[in-house]
Amino acid sequence: SGLSHALLDTGVEAYWPYRSSSTPRPFAECSAHPDGRARLIPVDAAPPAPTDRGGDLTLTTGRYLQQYQSGTQTRRVTELHAARPEARLEIHPATASRLGIREGTLVAVANERGTVRVRASVTTDIRHDTVFLPFHYAGEGCANCLTEALVDPTSAMPEFKRTRVRVAPVAPTPAGEEIHV
């Protein structure tokens, strides 16, 4: 509260939470704990467990700017859907070359939990040992089919962000059917 289009048009720097005389600012003076102090708990990151099927790459999952959550609403907006019509695996050029993958190649991303089929986007925006998939898509492009059903022991947040995978090109058969190489 406290913001308006007229105020924004003045060029005011407005950061969330916007402080106005009518806007309460939670935790400005103290935390919600009885002693008024916040509880900060350090968390040590553990490397992803290797998969039974020999995964040598770390898959990270995340968001596309043009999509939101599962995409069921944003894919109905023509401009947003046109910008990102499908899930794409981001892979570094050196890793792609080593695996025989080119821009637009259909690839299988697999581990012991499943296999996802998507097209590759070859980019230097990703590390050599890491690949990226967005989680907004269902069906054969569903990144969460590969993630582990684990939670952080302290926060109980799901571990959806990384897992070990294998990536291989999918080659067409003479009849035009696709097979995993």
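At a glance:
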item: Cβ-Cβ under 7 Å pairs, at least 6 apart or on other chains, the range 74-98 side on the phi > 0 side of the Ramachandran plot and open to solvent by 50 Å² or more (accessible area, probe 1.4 Å), far side at pLDDT 95 or above and in a helix (DSSP H, G or I); result: none
item: Tally, over the range 85-116, of residues that are assigned to a loop (DSSP other than H, G, I, E, B), in contact with a Ser or Thr (Cβ under 7 Å, 6 or more places away or on another chain) and at pLDDT below 95; result: 1
item: Neighbours by Cβ (under 8 Å, 6+ apart or cross-chain): first from the range 118-146, touching a residue at least 12 places away in the same chain (Cβ under 8 Å); second surrounded by fewer than 14 Cβ atoms within 10 Å (Cβ to Cβ) and part of a helix (DSSP H, G or I); result: HIS128/ALA94
item: Qualifying residue in the range 35-45 (condition: closer than 25 Å to VAL131 by Cβ, at pLDDT below 85 and open to solvent by less than 60 Å² (accessible area, probe 1.4 Å)); result: no
item: Count of residues meeting criterion [open to solvent by less than 50 Å² (accessible area, probe 1.4 Å) and at pLDDT 75 or above] in the range 8-34; result: 2
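The values are calculated or read from the model by the stated rules, or taken from the named source; none is laboratory data. Since the structure is predicted, the reported quantities are computational estimates derived from the model, not experimental observations. Positions of Cβ are generated from backbone atoms using ideal geometry, with glycine treated the same way; all protein chains shown enter the neighbour counts. Each accessible area value is taken on the protein alone, full model and side chains, heavy atoms only, with ligands, DNA and RNA left out. Shrake-Rupley method; radii C 1.70, N 1.55, O 1.52, S 1.80 Å.
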